[in-house]
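Novice: Here it is, the structure in full.
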Amino acid sequence: MAYYYKEPSRTFSEYLLVPSYSSSDCVPGNTSLRTPVTKFRQGEEPSLSMNIPLVSAVMQSVSDDKMAIALAKEGGISFIYASQPIERQTAMVKRVKDYKAGFVISVSNLRPDNTLADVLELKSRTGHSTVAVTDDGKHDGKLAGIVTSRDYRVTRMNSDMPVREFMTPIEKIVHAAEGISLKEANNVIWENKLNTLPILSADGHLVALVFRKDYTSNKKNLLELTDESKRYVVGAGVNTRDYEERIPALVNAGANILCIDSSEGFTEWQRATLRYAREKYGDAVKIGAGNVVDREGFLFLAEAGADFVKVGIGGGSICITREVKGIGRGQATAVIEVAAARDEYFRETGIYIPVCSDGGIVQDYHLALALAMGSDFCMLGRYFARFDESPTSKLIVGGNYVKEYWGEGSLRARNWQRYDKGDGSSGLSFEEGVDSYVPYAGSLHNNLPVTLHKIRTVMCNCGALTLREFQQKARITLISAMSLTEGGAHDVYLKNNTGTPVQ
């Protein structure tokens, strides 16, 4: 006979946090959102932590190199989607690692015989206003000059004017020799009031560029997440099909952490993927796994060697797994049980394995609940898909700006590897995700701080200054349907932007 759970599974909307005593120093500015990403032994520090408890989902419509850079600046991690050729995914990872390397490989290059039209086309395509001019137009060619927006005026110059006629020639450019340290390079920039410092080899070939903006960006984004080489931290997804080729390629590209992107984590295929990573790299390569929704699933992945475990099946806004397959569990119940299993495992083994809540987030306060219930961080898709930095198109639908958003289980994604059951077949026999739109919300930088401030404020309402303290002090209550209604605006006429009552 089938096993029946005695209690229904719950969603985040069915719970509220009950405030606790807050001391005078318990204000949002004093809170810390730093959280572990990878497993660690008691008394030790994790090899990788984040400054905020948010990561972007392993999805085509969410996480590419542009999102990874934007989120790393804010202190989080993007997992670049795996449902693409290995070469393209590794190229995205490399672009993230090169972006904040201090010494940046030039990706916008032209020859002296190129024209102003070529400069404008390159700028339109890449967004880069600084163009290196080399003898062969390659990133490592002999540097002939530099072109910036100060070197030309479109209204006064012919588009067919050769670059050599208006570029700043090498003779007038302050440059440095290969081998200079980043600190020394920044000193040269400041002493000479430069925006860009080319680094040249002994024979005059371009080695790298150092930008003033990288220094100021570091000072402006105090939470930005970088590795020991001061490069942005980036994650990448892998599947259970081509992991023997994809994992080495991503490791060589510089990915800091990997995550198995699969519809379900309690499988032999995930154990085989983790076994391969451990046998080939030991603990040097960090890799998370999932998704699971109960104690047994967590323990399975913990013993298989996962560095973190993702929780959640069927709770995403574009996921219809529960609807078409009847598989899943309410996200709050799943997080509560898995977090309890994580704590039990920690007590018994001395090894702490972070838990990532994936799905079920509708309102910002759901993030606070997920963290209070034991999640170390949350993976979000819809939330990040709304921003400029997501890789999808911005459209006007019904008079409103929207962005496209589709699930990895949709026919559009064609990500059959995510649902592969090892029988050698390819293609999706039915969809587990939908193709949709989400309201456009602007830039990540203008929105994410508001969400984080809400989390910090909730922590203070509960008397906590760290996420660990938040989990220990949080008091959580189930609510009725009527109390949910009571919690929103009710029994009033709401005003629209013109002040007119809305019926």
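The values are calculated or read from the model by the stated rules, or taken from the named source; none is laboratory data. Predicted model only: the values in this text are computed from it and were never measured. Neighbour counts run over all protein chains shown; Cβ positions are idealised from the backbone, glycine included. Remember, those area values only see protein heavy atoms, side chains included, never the ligands or the DNA or RNA. Shrake-Rupley method; radii C 1.70, N 1.55, O 1.52, S 1.80 Å.
Each row is one residue, and each column tells you yes or no for (1) under 30 Å from PRO449 (Cβ atoms); (2) of a type in the set (D, E, K, R).
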residue	(1), (2)
VAL131	no, no
ASP136	no, yes
ARG153	no, yes
ALA176	no, no
LYS183	yes, yes
SER201	no, no
LEU223	yes, no
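Novice: Can I ask one more? Let me spell it out: the conditions are (1) open to solvent by less than 80 Å² (accessible area, probe 1.4 Å); (2) closer than 28 Å to GLU184 by Cβ; (3) modelled with pLDDT of 95 or more; (4) of a type outside the set (Asp, Glu), and LYS142 meets all of them except one. Which number is the exception?
Specialist: (1)
Novice: Assigned to a helix (DSSP H, G or I), modelled with pLDDT of 95 or more and open to solvent by 70 Å² or more (accessible area, probe 1.4 Å): is that true of ARG150 in this structure?
Specialist: No; evaluated as a whole, the condition is false for this residue.
Novice: Scan the range 305-335 for residues that are outside any loop (DSSP other than H, G, I, E, B) and farther than 14 Å from GLY265 by Cα and jot them down.
Specialist: First, the residues of the range 305-335 that are outside any loop (DSSP other than H, G, I, E, B): 309-311, 319, 321-325, 331-335.
If the condition is that a residue be outside any loop (DSSP other than H, G, I, E, B) and farther than 14 Å from GLY265 by Cα, then CYS319, THR321, ARG322, GLU323, VAL324, LYS325, GLN331, ALA332, THR333, VAL335 are the ones that fit.
Novice: Next question. Having 1 or more residues that are at pLDDT below 90, more than 19 Å from the chain's Cα centre (by Cα) and surrounded by fewer than 14 Cβ atoms within 10 Å (Cβ to Cβ) is the bar; report the helices (runs of 4 or more DSSP H) wholly within the range 182-268 that clear it.
Specialist: 182-191, 212-220
Novice: What are the residues in the range 373-388 that are open to solvent by less than 10 Å² (accessible area, probe 1.4 Å) and assigned to a helix (DSSP H, G or I), if any?
Specialist: PHE384, ALA385
Novice: What pairs come out if I take residues in the range 156-181 that are acidic (Asp, Glu) and pair them with residues that are open to solvent by less than 100 Å² (accessible area, probe 1.4 Å) and part of a strand (DSSP E or B) whose C-beta lies under 6 Å away, six or more apart or interchain?
Specialist: Taking only residues 6 or more apart or on different chains, the pairs are ASP160/THR115; GLU178/ILE199; GLU178/VAL207.
Novice: Considering only residues that are in contact (Cβ under 8 Å) with a residue 40 or more places away in the chain and either part of a helix (DSSP H, G or I) or open to solvent by 10 Å² or more (accessible area, probe 1.4 Å) (or both), which ones fall in the range 284-300?
Specialist: Matches in the range 284-300: LYS286, VAL293, ASP294, ARG295, GLY297, PHE298, LEU299.
Novice: Please verify whether ALA82 is touching a strand residue (DSSP E or B) at 6+ places or on another chain (Cβ under 6 Å) and assigned to a helix (DSSP H, G or I), treating the condition exactly as stated. Spell out how you get there, then give the answer.
Specialist: Numbers: touching a strand residue (DSSP E or B) at 6+ places or on another chain (Cβ under 6 Å): yes; assigned to a helix (DSSP H, G or I): no.
No; evaluated as a whole, the condition is false for this residue.
Novice: Something else: Of the residues GLU245, GLU224, only one is of a type in the set (Asp, Glu), in contact (Cβ under 8 Å) with a residue 60 or more places away in the chain and in contact with a strand residue (DSSP E or B) (Cβ under 9 Å, 6 or more places away or on another chain); which?
Specialist: The unique qualifying residue is GLU224.
Let's see how each residue does on (1) touching a Ser or Thr at 6+ places or on another chain (Cβ under 6 Å); (2) among the aliphatic types (A, V, I, L, M):
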site	(1), (2)
VAL55	no, yes
TYR81	yes, no
GLN84	no, no
PHE103	no, no
ASN109	yes, no
LEU120	no, yes
VAL133	no, yes
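Novice: Of the conditions (1) within 21 Å of LYS193 (Cα to Cα); (2) touching a strand residue (DSSP E or B) at 6+ places or on another chain (Cβ under 6 Å), ASP160 fails just one. Which one is it?
Specialist: If we test ASP160 against (1) within 21 Å of LYS193 (Cα to Cα); (2) touching a strand residue (DSSP E or B) at 6+ places or on another chain (Cβ under 6 Å), just (1) comes out false.
Novice: Looking only at the range 336-358, which residues are part of a loop (DSSP other than H, G, I, E, B) and more than 22 Å from GLY75 (Cβ to Cβ)?
Specialist: GLY350
Novice: Counting just the residues of the range 88-106 that are in contact (Cβ under 8 Å) with a residue 12 or more places away in the chain and either polar (S, T, N, Q) or farther than 29 Å from ILE180 by Cα (or both), which one comes out surrounded by the fewest Cβ atoms within 10 Å (Cβ to Cβ)?
Specialist: Ranking the qualifying residues of the range 88-106, first place goes to THR90.
Novice: Kindly indicate the residue of the range 317-360 that is of a type in the set (Val, Ile, Thr), modelled with pLDDT under 95 and in contact with a helix residue (DSSP H, G or I) (Cβ under 9 Å, 6 or more places away or on another chain) and also surrounded by the fewest Cβ atoms within 10 Å (Cβ to Cβ) among those meeting that condition.
Specialist: Restricting to residues being of a type in the set (Val, Ile, Thr), modelled with pLDDT under 95 and in contact with a helix residue (DSSP H, G or I) (Cβ under 9 Å, 6 or more places away or on another chain), the top hit is ILE327.
Novice: Moving to a separate point now. Can you pull out every residue in the range 203-217 that is touching a residue at least 40 places away in the same chain (Cβ under 8 Å) and hydroxyl-bearing (Ser, Thr, Tyr)?
Specialist: Once the filter is applied, which keeps residues that are touching a residue at least 40 places away in the same chain (Cβ under 8 Å) and hydroxyl-bearing (Ser, Thr, Tyr), the range 203-217 yields only SER217.
Novice: Do the conditions hold for VAL238, that is, is it within 23 Å of SER63 (Cα to Cα), in contact with a helix residue (DSSP H, G or I) (Cβ under 6 Å, 6 or more places away or on another chain) and among the aliphatic types (A, V, I, L, M)?
Specialist: In short, yes.
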